[in-house]
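Notes to accompany the following structure.
The values are calculated or read from the model by the stated rules, or taken from the named source; none is laboratory data. Not measured: the values here are computed from a predicted model. All Cβ positions, even for glycine, are placed from backbone atoms using ideal geometry, and neighbour counts span all protein chains on display. When the accessible area is computed, the model is the full protein with side chains, heavy atoms only, and any ligands, DNA or RNA have been set aside. Shrake-Rupley method; radii C 1.70, N 1.55, O 1.52, S 1.80 Å.
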Amino acid sequence: MKLQQLKYIWEVARHDLNVTATAESLFTSQPGVSKQIRGLEDELGMQIFHRSGKHLTEVTPVGKKIIDVAGEILDKVENIRQFALEFSDEQRGSLSIATTHTQARYVLPAVIQSFIEKYPDVSLHMHQGTPIQISEQASRGDVDFAIATEALELFENLVMMPCYRWNRSVIVPHDHPLVDQTSLALEDLAEYPLVTYVFGFTGRSQLDHAFNERGLKPRVVFTAADADVIKTYVKLGLGVGIVASMAFDKDLDKDLKAIDASHLFESSVTKIGFRRSTFLRSYMYDFIKIFAPHLQRELILRALDAPDQAELDKLFEEIELPRL
């Protein structure tokens, strides 16, 4: 049994049993992947994959267990590599982050700048996507960190730590009637067409929950994953915008007025998540600390020792999170 064989079955499972796509991702040939898988199955005396002709159709029950163990082994091998790198040169390496547009555009620039100043020889890679995509990438080990507000809790192999609280602002043109409203209420917003985030993005669930609790049905006429797109369509007069307050820049968004709506919606918490099996190098601890100063190394280590998410959440109950 070879590590290469374990790598191939793991990658094939990740690529939805598409051997061609797997071969391309591994920079090898399709026959080579198939040969290695057959060799492992012959050695074990059992099928890992069901087939229809030359095509893999599904993972066998025993194959699922083998692939899970293969993933654990590959994680440990990667950790050994990272452990060696940590002691050979702790100032060099790479760091990959998956996050949403709002985080990448409005929160992370200052963090990234500070990190690069301290670690100029660490290459940074940022991936943007939906919260589900971000969480999946972290869960699979494709990225080191996932930073998002939604969906991280769906993956049990992620250690999720709260970073900060944030809330929303209503954005309208300067001549909109809501500008003169003395006390903004949900009922006021329900009277206008709304422009806001796609469901599952940037705390959208909290927004829907607030309206539902009051028995109101908001008229959401346009949704987008990108706060800048939302602001563009508000400027065009499509409707009243609701965005994360951090996404409003009074200098860049001079055509719009932001109205605080934090009294209307429950605050949301942005979290950073990584696989429980991840070996965190020193610069990774530093990145987390720059992003969320309360997440000191000792606290992160305690979080890693928590047996499940419920216990991990208890660890952070007494911590007052910063607000953006």
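Residue count for the range 144-189 satisfying the condition of being open to solvent by 10 Å² or more (accessible area, probe 1.4 Å), of a type in the set (A, V, I, L, M) and either at pLDDT 90 or above or farther than 20 Å from A303 by Cα (or both): 3.
Would you mind stating whether V229 is touching a strand residue (DSSP E or B) at 6+ places or on another chain (Cβ under 8 Å) and of a type outside the set (S, T, N, Q)? So V229 does not fit the description; no.
Against the numbered list (1) open to solvent by 60 Å² or more (accessible area, probe 1.4 Å); (2) modelled with pLDDT of 95 or more, I288 comes up short only at (1). If you filter the range 232-262 down to residues that are touching a strand residue (DSSP E or B) at 6+ places or on another chain (Cβ under 7 Å) and open to solvent by less than 10 Å² (accessible area, probe 1.4 Å), you find that the one that is farthest from P177 (Cα to Cα) is A244. Among the residues of the range 291-323, the ones that are closer than 30 Å to S169 by Cβ and open to solvent by less than 100 Å² (accessible area, probe 1.4 Å) come to 10 in all.
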